[in-house]
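Let me begin by presenting the structure, written as structure tokens, before commenting on it.
The values are calculated or read from the model by the stated rules, or taken from the named source; none is laboratory data. Bear in mind that the values here come from a model prediction, so they are computed numbers and not experimental data. Because the Cβ atoms are built from the backbone with ideal geometry, glycine has one as well, and the counts that use them run over all protein chains shown. Just so you know, the surface numbers come from the protein's heavy atoms only, side chains and all, with ligands and any DNA or RNA stripped out. Shrake-Rupley method; radii C 1.70, N 1.55, O 1.52, S 1.80 Å.
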Amino acid sequence: MSSYPILKLNLKKIRRNTKKIIQKCKEKNIQVAAVTKVFAGDIKVVKNIINSGVNILADSKLLNLKKFANFEIPKMLIRIPMQSELNELVKYTDMSLVSEIETVLDINRYANWENKVYEIILMIDVGDLREGIYYENIEEIEDFVSKVIKLNNIKLKGLGVNFSCFGGVRPSEEKFKTLINIKKYLEKKFNIQLDVLSGGSSGTLSLFDKIKIPDEVNQLRCGASIALGIGLDDMPFGYLYQDTCEFISPLVEIKEKHFNGIKRKIGICISEVPKLSKVDLIPSNKDLTVLDIDDNYIYLDITKSNRKNFLGDEIIFHLSYAGLLFSMTADNIKKIYIN
Ligand SMILES: *Cc1c(COP(=O)(O)O)cnc(C)c1O
């Protein structure tokens, strides 16, 4: 592996973000499930997140959660499990978001073999068109619950909701009300207690000061806020670090060229990360502009840079969520951890 590009991960800032989020949520009696998917199974980063005091480790990939097997913390799969992975699901995780009774019946069998009581959170779709039983289909929800409560190795922990997916529904008091009404209805009808209302992601955290989050909401699944200090619409939180991670790559070409008919000084850095688009890397030097990015190169307009740039100069970029995810999963990136 060559020594560039470098992805520098500031563990201290990630810990700080995690602790701040835990504190903010604690004020509202909300537990934090730390969503680690953007870190693509990175043991070091995840260890730091756990040590910051989160209640649950959550990931959308079972493969990632398997890597965390040695960490003693409840683990949750936050995407609907596949039939083909239920054996491992029950082995390596403690709870999962679910929406299909067929799948839960199978989980129950595996949990029985493992002598485990497996926890599930039933997803309710409040119109966002992501996973979950559609909120108006009360009969389907009732049918699900009536079957689940008969299972010996399944514990229905509560209900969950997603926002800001392709249905474009945002967290609101009205949507939470819908969810709470369903919860109350089920508790009364089946004489059960649902401990958890999982009220969304970092996007909900963004609205803490803007809307009233009902007391019944007692869990958030936070990923982007921990990793990059951002929430709803990628808006930065004032009390969190956005510069937790840096992408560092050297200039391999500096030339005067005509770009859009104007003479510019163009610098090229190595990218090595597939799928990046030009919004995914943000130069920390505000005088630099990213013109384009492909699998090989990052094209920079360095005309305005008042610093004299030389071949080999390290250019530092901050990352978007996608930029971080793609960089974490790319093969030729050298990761450096700052404590
Ligand atoms: C990724 C994910 C989250 C976390 O979202 P962030 O915006 O990163 O906080 C929460 N819930 C589910 C189901 C997810 O897939």
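Brief remarks on what is shown
- Residue satisfying all of: in the stretch 31-41; closer than 15 Å to Asn218 by Cβ and open to solvent by less than 10 Å² (accessible area, probe 1.4 Å); nearest to the chain's Cα centre (by Cα) among these: Ala33
- In the stretch 32-64, the residue that is farthest from the ligand (Cβ to nearest atom) out of those that are among the β-branched types (Val, Ile, Thr) and over 17 Å from Thr93 (Cβ atoms) is Val45.
- Consider the stretch 189-228 and keep the residues that are in contact (Cβ under 8 Å) with a residue 40 or more places away in the chain and among the charged types (D, E, K, R). The one that is farthest from Met328 (Cα to Cα) is Lys189.
- Only a single item in (1) within 16 Å of the ligand (Cβ to nearest atom); (2) open to solvent by less than 30 Å² (accessible area, probe 1.4 Å) is not met by Leu129, and it is number (2).
- Within the stretch 159-177, being assigned to a loop (DSSP other than H, G, I, E, B) and either among the acidic types (Asp, Glu) or in contact with a helix residue (DSSP H, G or I) (Cβ under 6 Å, 6 or more places away or on another chain) (or both) holds for Val161, Phe163, Ser164, Pro171.
- Residues satisfying the stated conditions in the stretch 113-157, i.e. touching a Gly at 6+ places or on another chain (Cβ under 6 Å) and more than 18 Å from Val90 (Cα to Cα): Met123, Ile124, Asp125, Gly127, Asp128, Leu129
- The stretch 132-158 - residue that is aromatic (Phe, Trp, Tyr) and not in a strand (DSSP E or B) and, of those, least open to solvent (accessible area, probe 1.4 Å): Phe144
- Identity of the residue in the stretch 66-120, among the aromatic types (Phe, Trp, Tyr) and outside any strand (DSSP E or B), that ends up nearest to the chain's Cα centre (by Cα): Phe68
- Conditions (1) open to solvent by 10 Å² or more (accessible area, probe 1.4 Å); (2) not in a loop (DSSP other than H, G, I, E, B): number failed by Ala58: (1)
- For the residues Leu63, Leu105, the requirement of being open to solvent by 10 Å² or more (accessible area, probe 1.4 Å), farther than 29 Å from Ile149 by Cβ and of a type in the set (A, V, I, L, M, F, W, C) singles out Leu63.
- Strands (runs of 3 or more DSSP E) (entirely within the stretch 183-286) containing at least 2 residues that are within 13 Å of the ligand (Cβ to nearest atom): 219-222
- Any hit, the stretch 247-269, residues being modelled with pLDDT of 95 or more, surrounded by 23 or more Cβ atoms within 10 Å (Cβ to Cβ) and under 19 Å from the mean Cα position of the chain (by Cα): no
- Residues in the stretch 108-126 that are out of contact with any helix residue (DSSP H, G or I) (no Cβ under 8 Å at 6 or more places or on another chain) and open to solvent by less than 20 Å² (accessible area, probe 1.4 Å) were compared, and the one that is farthest from Thr178 (Cα to Cα) is Ile121.
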